[in-house]
Each structure stands twice: as structure tokens, then as C-alpha cells.
Amino acid sequence: MPSKNVELEHLKSADVVVDRPTRAGQELPMPKRSLWQLFPRWHRVAKRWFVSEERWMACGFVGFLVAASLGTTWMYVHISYVQRNLETALAEKEQDSFYKAIMSFVVIIIIAAPLFVVTEYVEARLTLEWRRWLTRDLMGMYFANSAYFRLHQTPEAELDNPDQRICEDVPAFVDASTVLCMGLLRKVFNIVGFAGVLWSISPKLVFILLTYCTVGTWLTATAFGKRLMQLDFRLLQKAGDLRFSLLRTRENAESIAFYHGEKRESAQATGRLDGLIVTSRLKLLWRAGLALWSNCYTYATILMPYLLTAPAYFQGDLQFGVITQVGFAFRRIETALNYLVDKLPAISGLAAETERLDVLFTLLQMHSHPPKGDVIQRSPDMDAGMLLQRLTVLTPGHERALCQMLDVQLLEGQSLLIVGPSGCGKSSLLRAISGLWTSGSGRVHTPSDSNCFFLPQKPFMPLGSLRDQLLFPSGDWTTPLGRGRKGLMVGDHELEKLLDAVCLPGLMDRLGGLDVELEFAHVLSQGEQQRVAFLRLLLHQPKLAFLDEATGALDTPTESALYRLLQQQCHTYISIGHRKELIAYHTHVLMFNKSATPEFMTAADYQQRHM
């Protein structure tokens, strides 16, 4: 695996935007590389499926499509000869030759009709299976080693809208790649096949056509390709920013409503929409310019085969059918050589999607594996308790140290309260202990991950039933295809008793039972959500628990009741809190102050000195 520094250098050299959603109206920097320079990045993304465990399926689809393209080209070449004979027979009024050509055409149709249908189906299956694998690959990396969290903890390489890249850029990338690659392959076969036809008539025709189309393709790609690619990239990012803004409004609807902040949010979303529209209008102008150039360029080629063959026909050196065949072959080759010109809008869109996916893959490869080198080392090798050895925690950009050379040992049965002013690094220390934050040095010894449990200040309410909320992150889960696992199994009566214990009596009856599915993040208050999270902790009975102001929304009597339960169920736990009443439920205190060296002491010593 490449080192983090190497990956970041790769991102810096990409000349591509990898930042957070931009402010409304803010001009976005765009990729500076040309279409041709993007091929290595496209290849890096595209080849993943073809070297994976499903490579035989991928290669099988491609092999069939290559063979079908060869067959299609052979039929088109054969059609040119049939059409030549047909036109000559009509011009010379040879009835037998005419009907013979008709029968040959019927045979071709009988072969071509099923071949085209099967080819279209296989190409659609290739696109579907490629999209399925690439999306699963990205999602696997996205969730591995909490990469979805770590992506936003690296200021040098924070990227915009990873959800859009997975859900929208992947299918667009796969669709465009399949259509363009298979189309290009067929055009190459057409060039080879029909170049032979033209060569047999006049080698001069081949040279004229190749020169004309090559120059036209180069001029078009140079004049329009780079600019269209840049505009497509900007459109993708602006569309993602607009969706992100609306999603944030939905997720924080209550807070915005209390602030009466809808005018600001509306103005911000409208500004993002205006930016999207301005860029879309600019792209329409460039597309219109490309269409004007392409039409003039294409229509100019209609006369060329007639101008080149008419003198020989008037002199009696060519049959009439040959002129038709030359025109047919000329159009096939001209279309093939101008394929990149005709598909330039699709290619520019693919280039933008390639940039975004390549950056996402690079960042996920950097974050989806345990970091190596000069980072905090975590060893889940203890049966109980916790040990911090010379722990130094730095901010992700290494701008400052939150704590330095910290040594703390908690034995089984001991508990720790972390106190200090807001913003001093208390939550960051918990992230470092749990393995979410690796910037720094030193070593952390804890029980295994399955024996640790973390309660954030704002609990996560997953989609599903009330039972799913209580059992999270364990319980039963299934995929849309039915595959899943059996997790923590708890009876209804036991869950009801636990709800009573965490001061949520009657919650089941009020909501409609354990199997009711609601938007619990909005149905339950923050205090109720914190009590549900406490129930999860009691249910899993970890050997080490972390509570990051996990009772901040509760009144003091309820908080005391929950901590008494915690003392009975979990002998070793670490809390962050501001209320002085929490001291009574902890054996030790770690006090953050203005320096980067927190003080570790017993709860009794802390009470004597500070209370």
C-alpha cells in the first residue's frame, strides 16, 4: 500500500478540486489536464473489475462483445458488396443479379437480427455487473476502518460529496466507458474492414480520408475538449453542493426552524442553484459551438466520395455500383474516424467522472487500511482496563498538540472522568483511544473492539424499527437480496425491562411496539435518544465503555440513575462531562488545562483541590 505522503503528493499533482462544498457563487478551480492526459487515471479506475476475483466474468463479457463486433463489421463489409451488386444490377438491368443480391441481403438480415439483440443484451449486462462490482468495491472501502469518518479528518485532502461520487458518478462512469470503448472498438474494426474495400478500389481514397479525419479530430479535441471537460467537472461539483445543502437542511430542520434560519438557508441554496444554472448555460454555448463545427465538418464530407470517383465513372473506368460502395465505405470510415469528435461531450463528461472517482479511490485506499508509520499505535490486547503509554495526540494537520506524553493506567473496576474547558481536546483523546484518530505518537492498550463501547453526545438512530434502535449495532440485519446475519437476540420482555431501567417506561406502548418503523431521530427527543443509547451499552455489557457527554441532555436525577446502572454493569468506563455531580461515579479524573499536559489524579485528590 502506498504511504500517506505518496498518496497526498498524488492528489496535489492531480490539479483537481478536493475540498468541502463551496459557498454559493464561489468560483471553483477546475482540472488543468487535457483529455489525453486523463487516460492513465481512467485506466486505473476501469481496470479494477478486470483484475478482481470476477475477472473471468468481466473478460468473458468483453470477449463476446469483441467477437460480436468482428461479426458485425464483416456483415457491414459484406453489405457494401451486396449493395454494390444491387446498384450495378439495377443500372445495367440484370434481373438475375438483382434477385441474387436481394437473397444475399435477406440472409444477412436473418443472421444480423438475433446477433444485434444478443450483443445489446450482453453489453447491458456488462454495464450492470461492472457498476455493481465497482459500487460495492467503493462502499466496502468507504466503510472499512471507518474511512467514511477519516476522509474528513485530513485537511490536505478533504473531498466534496463522496455519496454523489458513489451513487451518481459510478453508474455514469461505467455507462460512458462501456458505450465509448465498445463503440471505439467497432469503429476500429470498421476502419480496417472498409479501408481494405477502398484500397481495392483506389489507395488514394484511403490516404485522403485518413488525413482529412485525423486533422478534423485533432482540431475539435483541441478547441472544445478541454473546456467541455472542465465545465462537466464544475457541473458535477455544483450539483453535489446543491444537494448537500438541501440534505443538511432536512437533517437539521428543527434547529433551523428554531433559529428562523430558513431565509439564510433558502438564499444559500438559491445561490448554489444560480451557480449551477450559470455553468449550465455556459456549457450549452460551448455545446452549440461544437455542434456548429461538427455539422459543417460532417456535411462537407458528403460530397467527397462523389467528387473523388465521378471522373473515373464518367471515363467508364468504374461501374455505377462502385460509386455507391465507395460512398458507403467512405461514410463508415469517416464516421469511425470522427467517433471521438462526435462523442466529445460524452468523453468530457467521462473525464470529469474519472477525475472524481480516481481521487475518491486514492483517498479511500489511504484511509481504508490501518495507518502505518509515525502514528498512534493501538493494541487491543488487554482483558480489562486501559493503559496509555507516552501518548501524544495531534490535530489532523499536525498544527498543535492536544496532549503530550500522557501516561494513564486504569485497572478493572476503576473509572475515569475527563474534565476541562470546551475545545481543549477531550473528545479528541477518546477518538485517539478508540482508534478513530491516529495523528500523534505513543501506544494505547485496550480490550478488543468487541469488548469496547462508545456513546457519543448525539446518538445515531439507524433506519429500522424500535427493536433495531435498541439492539444497534448488533441485532439482525439483511440486504435487499436477503443475505444477512444473526446478531444479538434479546426477548421482548427483557427489552421492556431495560427501557424501564433507563427511565423510558411506556415507550413501547407510546410508539406502537418494538417492530414499528419511524424516523426515530425526529420522533425521540435528544434526552430520549441518549437513554436509548445507554440501554445499548447496558445490553452489550462491554469491558470498557466511553461516554462523550452522553448524558448532557438529561436532568441530574436521571443522569445519576443511569450512572448507578453503569457502575453495576460496566466496571471500567471513561466519561467526558462538565457536571460536578459526575465525580461521585468515577475513581479518577484527568483534567485538561491550558497546557498540553493533562493532570491525572484520583477523584478524591481532585475534590480536595478543585471543589
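General observations
- Cα pair distances of segment 45-149 binned at 5 Å [whole percent]: 2, 11, 15, 13, 11, 9, 8, 7, 6, 5, 4, 3, 2, 1, 1, 0
- Anisotropy class of segment 33-367 from Cα gyration tensor, a/c 1.5 cut: prolate
- Look at the alpha carbon pairs under 8 Å that are at least 6 residues apart: their mean separation over the length of segment 377-610 gives a relative contact order of 28 percent.
- Counting other Cβ atoms within 10 Å as a rough exposure proxy, the listed residues L209, L430 run L430, L209 from fewest neighbours to most.
- Net charge in the neighbourhood of S379 (other residues with Cβ under 13 Å of its Cβ; Lys, Arg +1, Asp, Glu -1) is -1.
- Taking segment 123-206 and dividing mean pair separation by its residue count, relative contact order in percent (alpha carbons under 8 Å, at least six apart): 31
- Long pairs among K187/K226; K226/K283; K458/K497, criterion Cα-Cα beyond 21 Å: K187/K226; K458/K497
- Burial ordering of F546, F592, fewest other beta-carbon atoms within 10 Å first: F592, F546
- Only alpha carbons enter this Debye calculation for segment 87-166, each as an equal point scatterer, and the log10 of I(q)/I(0) it gives at q = 0.15, 0.17, 0.21, 0.22 Å⁻¹ is -0.75, -0.83, -0.96, -0.99.
- Alpha carbon centroid spacing (whole Å) that separates segment 205-237 from segment 551-611: 67
- Phi angles across segment 562-575 convert, under the Karplus curve 6.51 cos²θ - 1.76 cosθ + 1.60 with θ = phi - 60°, into 3J(HN,Hα) values of 5, 5, 5, 4, 4, 4, 6, 9, 10, 7, 10, 8, 10, 10 Hz, Gly and Pro given as x.
- Here I347, I256 are placed in order of increasing Cβ neighbour count within 10 Å, fewest first, which gives I256, I347.
- As a ratio to 2.2 N^0.38 Å, the alpha-carbon radius of gyration computed for segment 377-610 takes the value 1.06.
- Distant-in-sequence amide H partners of G420 (H built 1.01 Å from N, under 5 Å): F592
- Phi angles of segment 292-297 translate, via the Karplus equation with coefficients 6.51, -1.76, 1.60 and θ = phi - 60°, into HN-Hα couplings of 4, 5, 5, 5, 4, 5 Hz per residue; Gly and Pro are given as x.
- Looking at segment 502-611, the trypsin sites (Lys or Arg not before Pro) that sit in a DSSP loop and have at most 16 other Cβ atoms within 10 Å of their own Cβ are R579, K594.
- Once Rg and the Kirkwood radius are both taken over the C-alpha atoms of segment 505-589, their ratio Rg/Rh works out to 1.00.
- Note on segment 208-290: along the principal axes its Cα atoms extend 72, 18, 12 Å, ordered by decreasing extent.
- Rg/Rh for segment 539-593, where both radii come from Cα atoms and Rh is the Kirkwood radius: 0.93
- For T392, residues with placed amide H under 5 Å, excluding near neighbours: M405, L406, S441, G442
- Near the amide H of L455, within less than 5 Å, lie the amide hydrogens of F546, L547, D548, all on another chain or at least 5 residues away, with H placed in the peptide plane.
- Those trypsin sites (Lys or Arg not before Pro) in segment 378-470 that DSSP places in a loop and that have at most 14 other beta carbons within 10 Å: R400
- What the phi angles of segment 496-507 give under the Karplus curve with 6.51, -1.76 and 1.60, with θ = phi - 60°, is a coupling list of 5, 5, 5, 4, 5, 5, 9, 6, 10, x, x, 5 Hz, glycine and proline written as x.
Computed from the coordinates by the stated procedures, all read-outs in this text should not be read as laboratory data. If you're wondering where the values come from, they're calculated on a predicted model, not measured in any experiment. In this analysis, Cβ positions are derived from the backbone assuming ideal geometry, glycine residues included, and neighbour counts consider all displayed protein chains.
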